[in-house]
Amino acid sequence: MSEQQFLPFVKPTISEEAIAEVVDTIRSGWLTTGPKVNKFEEMLSKYHGDRRVLCVSSATAGLHLVLLSLGFKEGDEVITTPMTFVATLNTIIQAGGKPVLVDIAPNTLNINPDAIEAAITSRTRAIIPVHFAGLPCDMDVIYDLAKKHNLRVIEDCAHSIGATYKDKRLGSFGDIQVISFHPNKNITTGEGGAIITNDSALLYTLERLRFHGIDRNAFNRFSKAGSPQYDVVMPGFKYNMMDIQAALGIHQLPELANFIEKRTSLANRYLEVLGDWEEFTLPQAPQYAHSHAWHLFTVQLKQNAAGLDRDGLINAMKAENIGVGLHYQSIHTFTYYSREYGWKPDDFPNSLAAGDSIFSLPLFPTMTIDEQDRVIKSLEKVLKK
Ligand SMILES: *Cc1c(COP(=O)(O)O)cnc(C)c1O
């Protein structure tokens, strides 16, 4: 058999129309924030039940701005999950908050909603649930708690654009959501992100913090309709999205439903084929009604199958020319956080166990059945089945 090409665990799907729009944008002479970003924001708003949307340079930037806008005082606490990307934690810290972790539920790998209340103190200001892999958290429970304790809820929707919770699309209800358009995510603008909220006071601050604290946007300043004068009302950041990025997004969003359909059928096939493998624990569905965005297909390896631990399995698959992702090592085990917050490995046992055994199989809209079969055959080979 000839050497097979490396199959990455993720690949963006970019249409020729999207590429042409990027080229047109560059040729138009307006490269940065302008009409394309405005259009993409309008499309995202319509997609999320007409709630207000602000595009930013990344989801990390979006989380940073939202958390800064909440104006933490020394010692203010933000509750989140240890099973997430480090951006969730870093932005809490950069905004002057103290991260407080609540362990995951082992079946959903989402923050355990029933364990949140015990972690709430007089200093708690916000909860950041992460819809892990695209599976919605139990938002009714979380919003009830937030209401009871007067907390903000910032949903980290980096994995979950397009998912629904009890027949409502995530982002179409609730307090604040942040989406990512990183190339690994379900739709992409290269780098990019968006904030969704209907809180007008928050929107005022976010809009200014996004661009130097200036009270009017660059497009107005430099177009014929605008004027060059401006005022600065707060020391802001440079977190705006470019029109070059939005040109991609404008073509990605209409394809999202199709992308999720492809992801779902591949995920269902993984579930079907791997369902009776005793080596694996597969993603499980919670009780409440939902649709999954299937950003990731994560598998947990039960104790050292065929003499391989998780890292051994990732390496063995790589030798078979199959890329396998790692989402995520539990964040409480990383050097900085464990030192700074005194977290011990056993403090969050469910996340620790998941983080030590989890890996992500290739899953992307253009992945073929043949490619999926290659993944399955390679798993059989490395596990000596
Ligand atoms: C990717 C990701 C982010 C950060 O998104 P960027 O757009 O890359 O900044 C935040 N949270 C989670 C859970 C992510 O997966």
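The values are calculated or read from the model by the stated rules, or taken from the named source; none is laboratory data. A quick note: this is a predicted structure, and the numbers were derived from the prediction, not measured. When we count neighbours, we look across all protein chains shown, and the Cβ atoms used for this are built from the backbone with ideal geometry, even at glycine. Note: areas computed on protein heavy atoms with side chains; ligands, DNA, RNA excluded. Shrake-Rupley method; radii C 1.70, N 1.55, O 1.52, S 1.80 Å.
Would you kindly state how much longer the chain becomes between LYS166 and GLN287 on full extension, computed as 0.36 nm times their sequence separation minus their alpha carbon distance, in nm to one decimal? Walk me through the numbers before you get to the answer.
On the way: separation 121, 0.36 × 121 = 43.56 nm, distance 1.06 nm.
Here the answer is 42.5 nm.
Count neighbours as other Cβ atoms within 10 Å of each site's Cβ, and list the GluC sites (Glu not before Pro) in segment 188-280 that are DSSP loop with at most 11 such neighbours. Please list the in-between numbers first.
Details: sites: GLU191, GLU207, GLU255, GLU261, GLU272, GLU278, GLU279; in loops: GLU191, GLU278, GLU279.
Loop-located and lightly packed - GLU278.
Can you give me the % of accessible surface on segment 338-385 that is carbon or sulfur? Probe 1.4 Å, all protein chains present, nothing else counted. Let's see the in-between values first.
On the way: 1170 of 2320 Å².
Whole-percent figure for carbon plus sulfur exposure: 51.
Counting other C-beta atoms within 10 Å, and keeping those with at most 16, which DSSP coil GluC sites (Glu not before Pro) do you find in segment 61-158? Intermediate results must be reported in sequence, preceding the final value.
On the way: sites: GLU74, GLU77, GLU117, GLU155; in loops: GLU74.
Sites meeting the loop and neighbour criteria: GLU74.
Stretch LYS46-GLN4 to full length: gain in nm at 0.36 nm per residue minus the Cα-Cα span?
Details: separation 42, 0.36 × 42 = 15.12 nm, distance 4.31 nm.
Taking 0.36 nm per residue and subtracting the Cα distance, the gain is 10.8 nm.
Just from its helices, what would the mean residue ellipticity at 222 nm be for the chain, if runs of 4 or more DSSP H residues each count -39500 (n - 2.57) and the sum is divided by every residue, rounded to the nearest 500 deg cm²/dmol? Intermediate values should be presented prior to the final figure.
On the way: 13 runs with 142 residues, N = 385.
Rounded to the nearest 500, it is -11000 deg cm²/dmol.
Modelling each spin label as a point 7 Å along the Cα-to-Cβ direction, I'd like the ASP215/THR264 distance in nm, to one decimal.
In this crude spin-label approximation the distance works out to 4.8 nm.
Using the charge dipole of the chain (Lys, Arg: +1 at Cβ; Asp, Glu: -1 at Cβ; taken about the Cα centre), state which of PHE359, ALA119, GLY193 has its Cα farthest towards the positive end.
GLY193
Whole percent per 10 Å bin, from 0 to the bin with the longest distance: what is P(r) over all C-alpha pairs of the chain?
Using 10 Å bins, I get a P(r) of 5, 23, 31, 25, 13, 3, 0, 0 for the chain.
State which entries of LYS148/LYS344; LYS166/LYS302; LYS98/LYS185; LYS262/LYS385; LYS185/LYS238 exceed 25 angstrom in Cα-Cα distance in the structure shown.
Numbers: LYS148/LYS344 30 Å; LYS166/LYS302 32 Å; LYS98/LYS185 27 Å; LYS262/LYS385 28 Å; LYS185/LYS238 23 Å.
Distance filter (> 25 Å) returns LYS148/LYS344; LYS166/LYS302; LYS98/LYS185; LYS262/LYS385.
If you project the alpha carbons of segment 256-382 onto the principal axes, what extent comes out on each, in Å, largest first?
Taking the Cα atoms of segment 256-382, the three principal extents are 46, 37, 24 Å.
Keeping all protein chains in place, calculate the accessible area per residue for segment 16-252 (probe 1.4 angstrom), answer in Å². Intermediate values should be presented prior to the final figure.
Working: 9480 Å² over 237 residues.
About 40 Å² of surface per residue is accessible.
Specify the residue with the greatest mean-square fluctuation among ALA115, ALA354, ALA59, computed from a Gaussian network of the chain linking alpha-carbon atoms under 10 Å apart.
In this elastic network of the chain, the residue with the biggest mean-square fluctuation among ALA115, ALA354, ALA59 is ALA115.
Treating the beta-carbon of each Lys and Arg as +1 and of each Asp and Glu as -1, no other charges, what is the dipole magnitude of the chain about its Cα centre, to the nearest 20 debye?
Numbers: 37 positive and 44 negative charges, 162 e Å.
For the chain, the charge dipole is close to 780 debye.
Give me the percent relative contact order of the chain, please, defined on Cα pairs under 8 angstrom at least 6 residues apart. Before the final figure, lay out the partial values.
Details: 765 pairs, mean separation 86.5, N = 385.
In percent, rounded to a whole number, it is 22.
Find, among the trypsin sites (Lys or Arg not before Pro) in segment 227-277, those assigned to loop by DSSP (not H, G, I, E, B) with at most 11 other beta-carbon atoms within 10 angstrom. Intermediate values should be presented prior to the final figure.
Details: sites: LYS238, LYS262, ARG263, ARG269; in loops: none.
Nothing satisfies the criteria.
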